[in-house]
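The values are calculated or read from the model by the stated rules, or taken from the named source; none is laboratory data. Bear in mind that the values here come from a model prediction, so they are computed numbers and not experimental data. FYI the Cβ positions are ideal-geometry reconstructions off the backbone, even for glycines, and counts take in every protein chain you see. With ligands, DNA and RNA removed, areas are computed over all heavy atoms of the protein, side chains included. Shrake-Rupley method; radii C 1.70, N 1.55, O 1.52, S 1.80 Å.
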Amino acid sequence: MRVAALSVASGPSHMFPGHAPASAGTEIGSISLSGLTSFFSCKLFTITMRLVILDNYDLASEWAAKYICNCIIQFKPSQGRYFTLGLPTGSTPLGCYKKLIEYHKNGDLSFKYVKTFNMDEYVGLPRNHPESYHSYMWNNFFKHIDIDPNNAHILDGNALDLQAECDAFEKKIEESGGIDLFVGGIGPDGHIAFNEPGSSLASRTRLKTLAMDTILANAKYFDGDLSKVPTMALTVGVGTVMDAREVMILITGAHKAFALYKAIEEGVNHMWTVSAFQQHPRTIFVCDEDATLELRVKTVKYFKGLMHVHNKLVDPLYSMKEEN
């Protein structure tokens, strides 16, 4: 398996849905970083697959938030030119959202010209239910930033025609020009969004029956009462996320270690849907030390050896104060 390939693009990253010519880069085993440092930013540098390893959850969350911040600012969003961001829910992205809120409150980041599309929503759960993903996103992120509510798109799990709702969601993404950066998280079984093991890797937004493992994992949010946990959800498909120009997947905790191993050290497998992103032209996995426990020592050593390069993506942290 080709773990990583480096290539330098000559224009903004959002213009390159596929690989850029690798004239200034080489593949693993003979990687030369000389002369590339000045190009290493969201705009100018593309890599097939990156694994960023931080010491703990807080540092992983901060790195991810800095990356999102820099990507938005370097895109230079404006009226008629929105940055489009795909977003997850769950416990993993909470730290990232807190840092993004901090950047916004400090005046470094604005979401005025950002559109968001969330990955999923439960079916049959009232929108104002404390465990709905509408409530989650509003309480943990949207109400703390300056995003226009009309630009924050979340699937409606109470729509009269659920398939029509899914089709309309896909159309909205298309009309927005596609997703610039899709941020995701995974379950211990390697599912992304609600694309459970066995889901088609070409799947689109659809109605999905949840696996028992997912229902059991979500029971903690419903007082441990399985009878209260929704059994169906609307979810973007693997293919929907794969269409994004760039994907960043957050993986933290020892309980996600085997899923990370399946994601990057074995082949693409529909039983581990996160593994599909090995084939995406711009994927970045951000993890903490605990999540690497199942990886080979040489894999961890290799990617840790690239941290001084990866950190150039987030250092310096850009600010809209400077842009203005």
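Select from L216, H308, Y122 the residue farthest towards the positive end of the dipole of segment 50-313; place +1 on Cβ of Lys and Arg, -1 on Cβ of Asp and Glu, and compute about the Cα centre.
Among L216, H308, Y122, the one farthest towards the positive end of the dipole of segment 50-313 is H308.
Just the accessible area for R81, please: 1.4 Å probe, Å², rounded to the nearest 10?
90 Å²
Can you tell me the Rg and the Dmax, both Å, for the Cα atoms in segment 50-313?
Radius of gyration, then largest Cα-Cα span, for segment 50-313: 17.5, 52 Å.
Any of K143/K312; K66/K112; K262/K304; K256/K301; K99/K312 with alpha carbons more than 21 Å apart? Name them for me.
Flagged as over cut-off: K143/K312.
Ordering D167, D146 by accessible area with a probe of 1.4 Å, largest first, what comes out?
From most exposed to least exposed: D167, D146.
In whole percent, and with a 1.4 Å probe on the protein chains, what portion of the accessible area of segment 50-313 is carbon and sulfur?
Of all accessible area on segment 50-313, carbon and sulfur atoms account for 52 percent.
What does the C-alpha gyration tensor say about the overall shape of segment 185-278? Classify as rounded when a/c is under 1.5, otherwise prolate if a/b is larger than b/c, or oblate.
Taking the square roots of the gyration eigenvalues as a ≥ b ≥ c, segment 185-278 is oblate.
Ranked from the most accessible area to the least, with a 1.4 Å probe and all protein chains present, what is the order of V297, V268?
So, going from the largest accessible area down, we get V297, V268.
Given a 1.4 Å probe and the protein chains all in place, what does the accessible area of E165 round to, in Å² to the nearest 10?
That residue has around 40 Å² of solvent-accessible surface.
Whole number in Å², please: accessible area per residue of segment 50-313, 1.4 Å probe, ligands, DNA and RNA not counted.
With all protein chains present, segment 50-313 gives 39 Å² per residue.
How big is the gap, in Å, between the Cα center of segment 293-324 and the Cα center of segment 197-240?
32 Å
In what sequence, largest accessible area first, do H270, H280, H134 appear using a 1.4 Å probe?
I get H270, H134, H280, largest accessible area first.
Could you state how much accessible area E266 has, in square angstrom rounded to the nearest 10, with a 1.4 Å probe and all protein chains kept in place?
Approximately 60 Å² of E266 is accessible to the 1.4 Å probe.
Hey, got the dipole for segment 50-313? About the Cα centre, +1 on K and R Cβ, -1 on D and E Cβ, debye to the nearest 20?
My answer is approximately 780 debye.
Take every DSSP beta bridge whose two residues both sit in segment 50-313, then give the antiparallel share in percent to the nearest 5.
30 percent
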